[in-house]
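Presented below is the structure to which this report refers.
The values are calculated or read from the model by the stated rules, or taken from the named source; none is laboratory data. Given the structure is predicted, the values throughout are model-derived calculations rather than measurements. Here the Cβ positions follow ideal geometry from the backbone for every residue, glycine too, while neighbour counts run over all protein chains shown. Surface areas here come from the heavy atoms of the whole protein model, side chains and all, with no ligands, DNA or RNA. Shrake-Rupley method; radii C 1.70, N 1.55, O 1.52, S 1.80 Å.
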Amino acid sequence: MRIEIIPCLQDNYSYLIIDESNNSACVIDPSEAYPIITFVENNDIKLKYILNTHHHFDHIGGNKELKRKFGSTIIGFKEDSHRIPEIDILLEDNQIWKAQNFIAKIIHVPGHTSGHICFHFFNEKLVFTGDTLFSLGCGKIFEGTSKQMFDSLNKIKSLPEQTKVYCGHEYTLNNSKFCAKYDTENLNLKKKIENINKKITNGLPTVPSTIKEELDCNIFLRTKDLKSFSKLRDLKDNF
Ligand code: ZN
Ligand code: FE
């Protein structure tokens with residue numbers, strides 16, 4: 001399996017997971033169809049599945065056109081079936097989704113939206129976290145409580161440390177400034193920020209991160225209790 005990062009819209013990332021044994025692929029959160037179509041056609045890929053982490057437009061915007069063009073199957077959380085356009089397969093929390101050689105565990109992570117899920121490809125040690133966990137940040141709480149978001153992040157925190165984290169947006173630089181402001185003595189964070197700056201200067205994505213790096217550097221994962229987490233989330237909303 002090979003991952004291709006496809007920048008979409010302003011600062012979104014869509015991802016292709018390509019099974020190199022047969023050139024078939026899943027796309028995670030196609031914000032828009034055009035960049036995906038271009039890549040798929042140029043590389044002769046069969047786009048079999050569209051996986052959505054949540055219903056926001058910048059994550060599902062390409063669904064319809066890709067389905068029409070490639071006959072792909074759309075997959076998302078069952079409780080979001082009314083707001084994920086043309087959904088075909090409904091997933092449940094903790095389910096193992098299997099198709100061809102693709103195998104992922106579904107982790108329900110409410111907070112950003114009530115139906116947000118992560119796709120954990122445990123064999124390849126990858127997790128697609130949408131707008132729940134960002135590199136050095138976490139999503140805004142739109143449809144849930146701080147407690148739900150805190151619990152959801154704790155689920156992600158418990159994944160194996162070497163798991164690669166692919167998130168929905170390139171927010172890392174701005175997130176790093178927030179972390180640096182409130183976590184001044186963190187040497188791991190300082191190192192990571194140097195690394196991020198290099199990547200940004202060279203026009204490269206800062207994803208993937210790893211669970212280990214996020215545990216070491218992401219202030220939202222480093223807070224020990226719900227109260228300080230909520231306070232940080234409020235501060236970040238006005239940062
Ligand atoms: Zn979102
Ligand atoms: Fe988003």
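Here the range 125-165 is scanned for amide nitrogen atoms under 18 Å from the site 7 Å beyond the Cα of Asn94 along Cα-to-Cβ, giving 151-160.
Residues within the reach of a label modelled at Asp234 (point 7 angstrom out along Cα to beta-carbon, backbone nitrogen below 19 Å), restricted to the range 143-159, are 143-151. Normalising the Debye intensity of the chain to I(0), with uniform scatterers on Cα atoms only, and taking log10 at q = 0.10, 0.12, 0.13 Å⁻¹ returns -0.44, -0.63, -0.75. Averaging Cα coordinates gives a centre for the range 132-190 and one for the range 42-64; these two points are 24 Å apart. Here the relative contact order of the range 60-158, from alpha carbon pairs under 8 Å that lie six or more residues apart, stands at 19 percent. Only helices enter this figure: runs of n ≥ 4 DSSP H residues, each worth -39500 (n - 2.57), summed and divided by the residues of the chain, yield -9500 deg cm²/dmol at 222 nm to the nearest 500. Distance between the modelled labels on Lys199 and Arg68, one decimal in nanometres: 3.5 nm (7 Å Cα→Cβ projection).
Quick one: pull the percent of accessible area on the chain belonging to carbon and sulfur, 1.4 Å probe, ligands and nucleic acids left out. Reported share for carbon and sulfur atoms: 49 percent. Of the three principal axes defined by the Cα atoms of the range 80-156, the extents in descending order read 37, 30, 18 Å. With R₀ fixed at 25 Å, the C-beta to C-beta distance from Gln162 to Ile103 puts the FRET efficiency at about 0.90.
Under conditions of 4 °C and 1.567 mPa s, the range 22-100 yields 103 µm² s⁻¹ as its translational diffusion coefficient, taking Rh as the Kirkwood radius over Cα pairs in the Stokes-Einstein equation. Straight-line reach from Lys69: taking Cα to Cα under 22 Å and skipping same-chain neighbours fewer than 8 places apart, the lysines in range are Lys46, Lys48. Look at the alpha carbon pairs under 8 Å that are at least 6 residues apart: their mean separation over the length of the chain gives a relative contact order of 13 percent. Under the simplified labelling scheme, the Leu226-Ser21 pair shows an inter-label distance of 4.5 nm, with each label point 7 Å from Cα along Cα→Cβ.
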